[in-house]
Each structure stands twice: as C-alpha cells, then as structure tokens.
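The values are calculated or read from the model by the stated rules, or taken from the named source; none is laboratory data. This is a predicted model, so every value here is computed, not measured. All Cβ positions, glycine included, derive from the backbone under ideal geometry; neighbour counts span all protein chains shown. Accessible surface areas use protein heavy atoms only, side chains included; no ligands, DNA or RNA. Shrake-Rupley method; radii C 1.70, N 1.55, O 1.52, S 1.80 Å.
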Amino acid sequence: SSRPASTSTRPGQSPNPRPVYQVNTQTKVLDTVHGRIICIADIRGKLSALNDLAREANAKAIIHTGDFGLFEAASLDRIHDRTLRHLTMYSPLIPSAQRNHLLAPENPPASVRSTLTISMLTEFPLLLSGQIKLQVPVYTVAGACEDVLVLERFRTGEYDIPNLTLIDEATTRVLDVGGVKLRLLGLGGAFVPHKMFDNGDGNATIAGGGGTIWTTVLQIGELVDTAQRVYDPTETRLLITHASPGREGILASLALVLKADLTISAGLHFRYASSWNEFSVQGDYEGFRQKLRAGKDAFERVWDSVKSQVDAVIDEHQRVLLDKALHVIERVPPALGSQPPGGGPPAGEEPAWKNCWNWNLCDAAYGTLVLDVKEGRVSAELKSQGFNYAYRRTATPVTAQTPTAASAMPAPLQATGTPGAAHSKAPTPGPPSVSSPAPIPVLAPPSIQQKSTPGTPSVPSGVASPAARTNGESSDKDAGKSDREREKAEASKAKKKEKKAQKKEAQRAEKAAEAAKESADDWAKSAKDTTDEGGWGKANDPWAPSEEKPALSVQPNAAAGPGSRAANSPRGDETALMSPRTDSTGVRTPTSKRAPRHPWTLFMRLPAPASEAEVREFFLDAKAGIIRVFFPNTFAGREHKIAYVEFGDEESMKAGLEKHSEKLNDAVPEVKQADREPREGGSFRGRGRGGRGGYAARTFAAGGLTRGGGPNGN
C-alpha cells in the first residue's frame, strides 16, 4: 500500500515530492501471555534513566510522549535564545547551582550560549554513538522542544538506533502483548493553531525550527491516511500525542476519526497524572460536542486567512491529505435525536463519549503510567509524586486576640485594637497563592474591658473577683488614693503587662517564622522557577507571538517581604500560581520546634581526627558541591569522631557518596547518607541508649508502666 510523500506547504515554494514509499509499520511480539508497558513524558534528555525506569516497573517496552531530547552538537547554533533558556531552566543534567548562575538576570543570552554544551542538555549523542544502549524497545513521538533536522534524519534512515522508534504520521507499530494487539499511532509537536500551515525549517510534513516542533494540518491528514491503510478491527488503537486531547478539541476529533480506544498525552507539566473519559468530565453530551465545535471554530478562523495561499502552492497529493485533515475538523457528532441529512434513524451517542479512555502524564521525574496487559485486559497503574503540603505544619495559626486595657484606649482605637496589635505577630510565610487574613480583634463589653488581661477571665463590674473576696474590696495600701490615681496605676500596670505579652508573642512568632522560612522559600522558588508547571507560561512559551498581552499573575503573599526570595525574584511580575516544590525527602514533617535537617547530608565516622579542609579534600571532585561541614558538639578535649557534610543538591551528594578517596589521614572512614534529624545543638538524634534504662524503659515509664508489667508504684 504505497503512496506519495507529502511536501512543504510554505507559500511561494514549489512542490518537491519525494519518491513513493511503503507505510512504515511492523508488529513487535513482546509477550503473548502477560506484559507491562511503562508510559512516561518529558524525559528531557536524561536518556540513561530509561533503562532504570523500565527495570523498576518490570516493563517490556516504553512509550514516551515527547520532549525526548533529540538534539545534537550542531543543534545549539539553531536553537533560538528563548528556547535555549527554557531548555536550560528544565534540563535535569545541569546542577542547580550552575543553572541558577546561567539564568541570572545579569547573564545575557550570548553568555548562556557560550557556556552551554550539548552534554548539559541531552544524552542523545551518547545514545547515537552507542555509549548508551536501550535495554527495551522505546516508542516516542516528537515533543515541543526537539531539532527538526534530527527528526528528518530518522525519517530518511540516516539515523537508526536499536530499540528506538519514532512514531509519527508516517510510522506506526503493533505491540502483540498479553492477548492484545496494540496499534500505536502518534502525532508529535506542540499544538499551535496559527502555525498549522507553516513548515518552518521542515522539508516534508515534519514542521519546526529554532529548536521547536509544532503540528501541521498535513501531519494530521497523513496520520489519518496511515491509520486507514493499516486498519484492522482486531486491534486496539492507542493514540500518542504531545498535546492533550483534553484541552484541544481538534485532537479529540482526531481520536474519533482514528477510532482510538485509548489516548496518552503530556505537555501540561503537572505533579499528578490524570485519567478520564469525556463522560466523566463533561456535564452532558452537548458539552462534549461544544468542546469539538470550539476546536473547529478556532481552526476555521486561521483557515479563512490562509486558504487562498495554501490553494496556490499545494499539489494533488497534498490536496488528498488536506481533505483528510479537513474531515477531522468537521468531525463533530450530531446532536442526540437529530435526523441524518440522508435520512435514517435518529442520531445516538458517539461510542467514544464513554468508551475512549485518556491519560495525561506528568513529567518522568514526577510520575509514570504502567499498562499491565494480561489475558486481553489492559490495567493501569498511575504513580505521581504529587504536591508537598508539609509547609502548612510550620505556619503560625491565626487566632482571635483580645486587646488589653481597652478602657484606657481612646475611642477611635477601640474599633481597631491597640496600635501595636497589628505588629504583635510576625507575618506568616505561606504559598504565594494564599493570603493570610489579619488577626481579628475581639472587643469585650465595656463592663468587662476594664481589667481584662490575656489568659485571665474577665470579671464584670459589681461582682467580686476571687482575689477581692480574699483580700477585701480594696487593700489598705490603696485606701487613701483617689479614684483618678487608682485608674492611672491600673492603666500603667495593664500597659506593662500588655507590652510583656506582646514581646513574648513576637518571640514565639519569630521562631515559627524562622522554622517555616525554608518552606516559604520553596513556594517562592516554585512560583519563580516553574512557570510551565501548569502549562506553557507566556514568559517561556516558544510559540507565543512576539506581541502579546500581559499574562495574568498571582501576587505573592504579603509574608514574602522585601527580604524574601519571592520579592527578589528576577522574574517579578511573571510569578504565577504553580505546583509546590517537592524537594522534601518526606522523612519527617518539619515543626516549629526544630528546623528540619538539610536533605542532602552525608554522615562520616572518622577513625582519625580531621579538619574541615581535609574532609572537603576527601571528596575529590565532589567537593565543589559542599556547602557546609560541621562536627557535632563534644566534651572539651575530646577529638571529633563524626562529621556531617551538606551538599547543595542531590546530584552533588550522590557524586560525593559514590566518588571519594579511600582513606582520610591514613584511615578508612565510614561514609553514608544521613537519615536522622539534627538536635538543636548541632548533633543528630539517634536511637542509642541514654538516661536510665534506655529508650524502651523511658517509654514504659512515660506511660506509668515498668518493663515487667504492672503499673509503677512510684
């Protein structure tokens, strides 16, 4: 079943058809009884992790939904500055410290370009040279950030990597696994309506340029043509796209035309994967139709402006593909109960409304989907790292406050509290998207306000307090004082108590704020560094037009004051509501009592004494990532036997753990990752013996029991 290849549709360019070719398809038998397929998104060039992911999931194949990292050394000169900055910001191959330096506002694009090497963006050259080998078959579509020339070299056969298949509009595969023949159909690139008729630097239906890839109308038409040529009703069809059919009505229409049973997509960069069918997310069947109509209307606005130019340059073969793509645009199911134009029974529900299932994946660093296929049933296992809500444990609770000495306040202040009340609590750090309400002053009735103090029940006038009943209505010391003098004395006393209470409250709030600072900084950094966590942000969108309206942003919390990282963010007004960072190791939820330990810390047991400089030299090349070396407190005159070495990020810590000297001062130290929390004095809390009877004895004693059994007589 041969057909002519499509050509470029750029206005003014003459058609340049390629020779006739066969539909690129074949069947791969993975396992006829039981098999697992792991599905991931946005590996972002860290290709050595593919084998690890497959091994952990016990998978026989990998399906990848784009942003594979298809760049080579020559690609750096072709990547636009804006796209290069985006790749730098999210590359897992660049250490955090170096990334922050490269992305600093004072670094111009030329400086970033001169510093970057291809190894900092992708491991694809290592895969191409054979230094990295894929242990299981990998099937991927093109993502939003790839090199179009590298993709075309795969299309022409110049590049051929064992166990790697690029699924596109002209290439399809069948996986025979667990009693299911799974047909893979793919459409790569970002979905940008105003670029659907622009091939960029591409020479055929693959379109892209400047380090980016986008979907074209001819790609959609060619994919439909490919699917029609290989159609087999015994197969289960899986559509793989980079953009999500949940957001793009045209891609949802494409799934209908392709008769897709399942779809897998990426491109939203969330911390949770999602699973749905249209019935579960639309209010009714008309809502599903409206989604498809909205996609159709958006396309027609672009089509009306370029139709005459396209008609002038396409050839007869491209016309066939264009007609197939236009059929996808028009594929909107009829309303329920409507009569078909040619007569017949009233229209019913579209089967895909309930039967087509969709998955949208988070990035490979945050989660995976595993399709477990056995005896014809396709089961799904979703795994997501999710959000980190530990910061809420460190937030200072907002409670109602009762002003003291209200009777001594001037009338205007009684409505708002004392002048210092607004500053009695330190601001509570929190996520930029949440604003903490100010404390609400609670005013007592005039009869109660006169002697109200924090923590002491107020006593109405005319009712003797316990102290008054004991000591009489007034003491002998105050007997000779006038009423005015007594009021002054009481007001002065109440004012002193108020200042003391405010000072204590401020100290408590300050400690809580310090303990929460790390979580608040993480929120601020998340808002600064992860603009595309919830989709492409305007500031980083390679597809956004050059003239655009300001994007809606969420202002940081007032708690992020002038000294906070959110306030000093180099991107300022680009701060947006983003997923919270998940750098916490999850070992222990931080509390206001004790600051959490540094997550990337190595423990060293030293057989021989060593200085900080000697400890740093012990870690060889990894010493550059060390940010602190400290020795726990010891008794005077004793030598340091243990040390804790903190690193700037997880990669530096792992490098230090794996590659260090064998000996330190002619002795072999013990080196491992610290897994305990530091005490306030600097040492780490362990399970060792201490006190009378050790840990177990203290636990029994705290419950009023002895180790032997019955209640403790003492």
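Mind checking whether some residue in segment 598-618 is part of a helix (DSSP H, G or I), surrounded by 18 or more Cβ atoms within 10 Å (Cβ to Cβ), on the phi < 0 side of the Ramachandran plot and at pLDDT 80 or above?
Scanning segment 598-618 turns up at least one residue that is part of a helix (DSSP H, G or I), surrounded by 18 or more Cβ atoms within 10 Å (Cβ to Cβ), on the phi < 0 side of the Ramachandran plot and at pLDDT 80 or above.
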Conditions (1) under 20 Å from P351 (Cβ atoms); (2) in a helix (DSSP H, G or I) -> K259 fails only (2)
Contact list, first residue from segment 259-287 and within 18 Å of L185 (Cα to Cα), second anywhere and in a strand (DSSP E or B) and of a type in the set (D, E, K, R), beta-carbon distance below 8 Å, six or more apart or interchain, is K259/R237; A260/R237; D261/R237; L262/R237
In segment 155-169, is there at least one residue being open to solvent by less than 10 Å² (accessible area, probe 1.4 Å), in a loop (DSSP other than H, G, I, E, B), in contact with a Phe, Trp or Tyr (Cβ under 8 Å, 6 or more places away or on another chain) and under 24 Å from C356 (Cα atoms)?
yes
Note to self: Considering only segment 171-180, I want to know if a residue exists there that is crowded, with 22+ Cβ neighbours inside 10 Å, in a loop (DSSP other than H, G, I, E, B), of a type outside the set (A, V, I, L, M) and over 32 Å from the mean Cα position of the chain (by Cα).
What the structure shows: yes
Inside segment 643-659, the number of residues satisfying the requirement of being closer than 13 Å to A624 by Cβ and surrounded by fewer than 21 Cβ atoms within 10 Å (Cβ to Cβ) is 5
Checking L182, L175, L223, L239 in turn, the sole residue that is free of Cβ contacts under 8 Å to residues at least 60 places away in the same chain, within 29 Å of H34 (Cβ to Cβ) and among the hydrophobic types (A, V, I, L, M, F, W, C) turns out to be L239
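Looking only at segment 110-139, filter to residues that are touching an Asp or Glu at 6+ places or on another chain (Cβ under 9 Å) and open to solvent by less than 50 Å² (accessible area, probe 1.4 Å); which one of those is farthest from D31 (Cα to Cα)?
Residue satisfying both the conditions and the ranking: V112.
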Residue pairs within 9 Å by beta carbon, gap of at least six or interchain, first lying in segment 489-517 and of a type outside the set (D, E, K, R), second at pLDDT 75 or above and open to solvent by less than 60 Å² (accessible area, probe 1.4 Å), listed first then second, are A512/T394; A513/T394; A515/T394; A516/Y391; A516/T394
Residue count, segment 369-390, condition at pLDDT 95 or above and in contact with a helix residue (DSSP H, G or I) (Cβ under 7 Å, 6 or more places away or on another chain), comes to 1
Filter result for T83 (modelled with pLDDT of 90 or more, assigned to a helix (DSSP H, G or I), in contact with a Ser or Thr (Cβ under 7 Å, 6 or more places away or on another chain) and not basic (K, R)):
yes
(message) Take the conditions in contact with a Phe, Trp or Tyr (Cβ under 6 Å, 6 or more places away or on another chain), open to solvent by 80 Å² or more (accessible area, probe 1.4 Å) and modelled with pLDDT under 60 and apply them to R685. Does it pass?
(response) no
Residues of segment 210-249 being part of a helix (DSSP H, G or I), open to solvent by 10 Å² or more (accessible area, probe 1.4 Å) and either acidic (D, E) or more than 30 Å from R78 (Cα to Cα) (or both), in sequence order, are D225, Q228, R229
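Can we say S652 is outside any strand (DSSP E or B) and modelled with pLDDT of 85 or more? First the steps, then the outcome.
Details: outside any strand (DSSP E or B): yes; modelled with pLDDT of 85 or more: yes.
Spelling it out, S652 is indeed outside any strand (DSSP E or B) and modelled with pLDDT of 85 or more.
For residues in segment 193-209 being of a type outside the set (A, V, I, L, M) and in contact with a strand residue (DSSP E or B) (Cβ under 7 Å, 6 or more places away or on another chain), which is surrounded by the most Cβ atoms within 10 Å (Cβ to Cβ)? Full working, then the answer.
Start the filter on segment 193-209 by keeping residues that are of a type outside the set (A, V, I, L, M), which leaves 193-195, 197-203, 205, 208-209.
Among the residues that remain, those that are also in contact with a strand residue (DSSP E or B) (Cβ under 7 Å, 6 or more places away or on another chain) are: 195, 198-202, 208-209.
Working: K195: 20, D198: 18, N199: 23, G200: 17, D201: 15, G202: 23, G208: 29, G209: 20.
Step by step, filter segment 193-209, then rank; the result is G208.
Can you name every one of the strands (runs of 3 or more DSSP E) wholly within segment 302-391 that holds 2 or more residues which are surrounded by fewer than 16 Cβ atoms within 10 Å (Cβ to Cβ) and either on the phi < 0 side of the Ramachandran plot or not aromatic (F, W, Y) (or both)? Spell out how you get there, then give the answer.
On the way: elements: 357-360, 367-374, 377-384.
Counting at least 2 such residues, we get 377-384.
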Given the condition of a type in the set (S, T, N, Q), touching a helix residue (DSSP H, G or I) at 6+ places or on another chain (Cβ under 9 Å) and not in a loop (DSSP other than H, G, I, E, B), answer yes or no: does some residue in segment 63-79 qualify?
yes
Going through segment 189-201 in order, the residues found to be within 19 Å of G69 (Cβ to Cβ) and not in a strand (DSSP E or B) are G189, D201
Look at V141 and say whether it is under 30 Å from V177 (Cβ atoms), hydrophobic (A, V, I, L, M, F, W, C) and touching a residue at least 12 places away in the same chain (Cβ under 8 Å).
yes
Among residues of segment 262-295 being part of a loop (DSSP other than H, G, I, E, B), hydrophobic (A, V, I, L, M, F, W, C) and open to solvent by 10 Å² or more (accessible area, probe 1.4 Å), the residue modelled with the lowest pLDDT is L268
